[in-house]
1. Of the numbered conditions (1) surrounded by fewer than 23 Cβ atoms within 10 Å (Cβ to Cβ); (2) in a helix (DSSP H, G or I); (3) of a type in the set (G, A, S); (4) modelled with pLDDT under 95, G132 fails exactly one; give the number of that condition.
2. Please specify each residue of the range 261-287 satisfying the condition of being surrounded by 13 or more Cβ atoms within 10 Å (Cβ to Cβ), among the aliphatic types (A, V, I, L, M) and more than 30 Å from G229 (Cβ to Cβ).
3. Return the residue satisfying two criteria in turn: it lies in the range 211-231 and is surrounded by 15 or more Cβ atoms within 10 Å (Cβ to Cβ) and under 19 Å from T40 (Cβ atoms), and of such residues it is farthest from the chain's Cα centre (by Cα).
4. Just for the range 80-93: of the residues that are within 18 Å of T108 (Cα to Cα) and of a type outside the set (A, V, I, L, M), which one is surrounded by the fewest Cβ atoms within 10 Å (Cβ to Cβ)?
5. Looking at G280 and the list (1) under 23 Å from G85 (Cα atoms); (2) not in a helix (DSSP H, G or I), which single condition is not satisfied?
6. Of the residues in the range 310-324, how many are closer than 22 Å to P191 by Cα and either more than 17 Å from the chain's Cα centre (by Cα) or surrounded by fewer than 14 Cβ atoms within 10 Å (Cβ to Cβ) (or both)?
7. Residues in the range 196-218 that are in a helix (DSSP H, G or I) and touching a strand residue (DSSP E or B) at 6+ places or on another chain (Cβ under 9 Å): how many?
8. Given the criteria under 24 Å from R190 (Cα atoms), buried (at least 17 other Cβ atoms within 10 Å of the Cβ) and in contact with a Pro (Cβ under 6 Å, 6 or more places away or on another chain), does A208 qualify?
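The values are calculated or read from the model by the stated rules, or taken from the named source; none is laboratory data. Here the structure is a predicted model, which is why all the values come from computation and not from measurement. Cβ coordinates were reconstructed from backbone atoms using ideal geometry, including for glycine residues, and neighbour counts include every protein chain displayed.
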Amino acid sequence: MRAMRVHAPGQPLALDRLPELRPGPSQVLVKVLACGVCRTDLHVADGELSDCRYPLTPGHEIIGRVVEGGGRFPAGARIGIPWLGWTCGACEYCRSGRENLCPQARFTGYTLDGGYAEYALADERFCFALPGGYGDAEAAPLLCAGLIGYRSYRMAGDARRLGLYGFGAAAHILAQVAHAEGREVYAFTRPGDAAAQAFARRLGAAWAGDSDADPPEPLDAAILFAPVGALLPQALAAVRPGGTVVCGGIHMSDIPSFPYALLWGERSVQSVANLTRADGEAFLARAARTPIRSETKSYPLERANEALEALREGRLEGAAVLVP
């Protein structure tokens, strides 16, 4: 099979030909129909995450058709393969419903080979049935931008005025969910990115502006999807007393020092790590009830490097998706 692989940090992905995959116990073999391109894939390719082993096949927003193996999903079923690929099931985190913090957890496209390929293997216990009404490319961003983004969204509590810093794949999905729930969305983009700001307003944002601008009203909560540590003090300054700033990414540049006055007033900072299967079930049930329009641009598998550069340079509205 063909796969786009990272052979060394900072190097372009290479198109490799790999041996046929065979499923092991509790695994399914899927033919990849689509795989979303996530900012975490950039972190993997750039060597910004620890514990990467190379060569590695990135990709953790996988829509696939079951070819072989398993008992939960029959052959021919269309399923989703997310970031969380395996947990031990026995540690204190797994036993207390916090499997996202399992110290032995394995992750698709990071510590396990992922979906930048024609076929992929996955533990069927960590895969999801998909809601109807979504095409393959449309559904792919739901598997991370949607799932982990939704966990971040829930961390924001019942915030009526919600700021989203970085209006990419995750924010464009969550803006639709928040708008459907009657919340006000304030979208913060790279300074001067008028196209992204117009995109946010089309998706229901009450306001859209530069990331270094002050919103017209104090926010109840903010979610940082842009991996820019300097935005955290900016977001703290934008939320009202008692508000929360949620850091929704797996990697972020260093956070600069800031005066205690920004945190004072019972403001809080919360990070989000990975997801649980319960998060996935809850979000996909929500996606079945409230149709979400995923804006995507499709690329052939062999153009994965082009898709990653478009993401890096902020040239995407929504998400990039690889189609083998």
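1. In the conditions (1) surrounded by fewer than 23 Cβ atoms within 10 Å (Cβ to Cβ); (2) in a helix (DSSP H, G or I); (3) of a type in the set (G, A, S); (4) modelled with pLDDT under 95, G132 misses (2) alone.
2. Result: L284, A287.
3. L231
4. So in the range 80-93, the residues within 18 Å of T108 (Cα to Cα) come out as 80-89.
From what's left, of a type outside the set (A, V, I, L, M): 80, 82-83, 85-89.
Values: G80: 25, P82: 27, W83: 26, G85: 23, W86: 19, T87: 24, C88: 14, G89: 11.
The residue in question is G89.
5. Among (1) under 23 Å from G85 (Cα atoms); (2) not in a helix (DSSP H, G or I), G280 violates only (2).
6. 3
7. Filtering the range 196-218 for residues in a helix (DSSP H, G or I) gives 196-202.
Going one step further and asking which of them are touching a strand residue (DSSP E or B) at 6+ places or on another chain (Cβ under 9 Å), we end up with 196-201.
Residues flagged as in a helix (DSSP H, G or I) and touching a strand residue (DSSP E or B) at 6+ places or on another chain (Cβ under 9 Å) within the range 196-218 amount to 6.
8. On the way: under 24 Å from R190 (Cα atoms): yes; buried (at least 17 other Cβ atoms within 10 Å of the Cβ): yes; in contact with a Pro (Cβ under 6 Å, 6 or more places away or on another chain): no.
No: the conditions fail for A208.
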